[in-house]
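Below: one structure, written as C-alpha cells.
The values are calculated or read from the model by the stated rules, or taken from the named source; none is laboratory data. Remember, predicted model here, so these are calculated numbers, not experimental data. Cβ sites come from the backbone with ideal geometry, for glycine too, and all protein chains shown count toward neighbours.
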Amino acid sequence: METVQKLYKALKNKNLIELSDIIGEECRCISNVASSLQTFYGKEQVIDFFKSIIKLLGNNNFEIVFKPTTHDGTDIGVAWKLECSDTHIPIVKGFGFYHCHYYKGRMMIRNVEMIMEPLLQIEPLRLVSDNV
C-alpha cells in the first residue's frame, strides 16, 4: 500500500522523479482519465500518461483524495476523487486497481487500471430523469 500512496503523493506534488522510482520497467496501464479507454505499455509510456495528468491539474487548487483498501498486499484498490482544495467539492471521481511486485528488492507498480466516472454522473452535471 505504501507504494500506491507514494504514487498519489508524487502526483499531488508533481514529482516526476518519485513517480519514476515506483513505476516498474514493464508496467502496463489501462485508463480512461486522459480520454477514451487507452492502454500504455512500459515505464516510459506510463510515466508520460501520469505527466499528462499532472499537466491537466496544472497549478490549480486541486487535491487528490484517495481511500485505499484496508489490507496490505500486492493488489490494492483505491477510490479516488479530484476536488477543489478551497471548497472540497468533487470535480472528478474514479477508482484504481494496482498490482505491485518486488523487483530488485523494491516494491514497484506493475499494473495500473485507473477508471474515471463519466462527467455526466458527477454533481452538478448529473442527468436526472423526469419520469415520476
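Some points to look at:
- Residues that are aromatic (Phe, Trp, Tyr), modelled with pLDDT of 85 or more and closer than 20 Å to residue 77 by Cα, drawn from the stretch 1-45: 40
- Tally, over the stretch 1-20, of residues that are over 15 Å from residue 111 (Cβ atoms) and in contact with a strand residue (DSSP E or B) (Cβ under 8 Å, 6 or more places away or on another chain): 6
- Filtered residues of the stretch 73-90 (kept if within 16 Å of residue 53 (Cα to Cα) and surrounded by fewer than 14 Cβ atoms within 10 Å (Cβ to Cβ)): 84
- Residue in the stretch 60-74 that is at pLDDT 80 or above and assigned to a strand (DSSP E or B) present: no
- Filtered residues of the stretch 14-41 (kept if exposed (fewer than 15 other Cβ atoms within 10 Å of the Cβ), among the polar types (S, T, N, Q) and in a strand (DSSP E or B)): 38, 39
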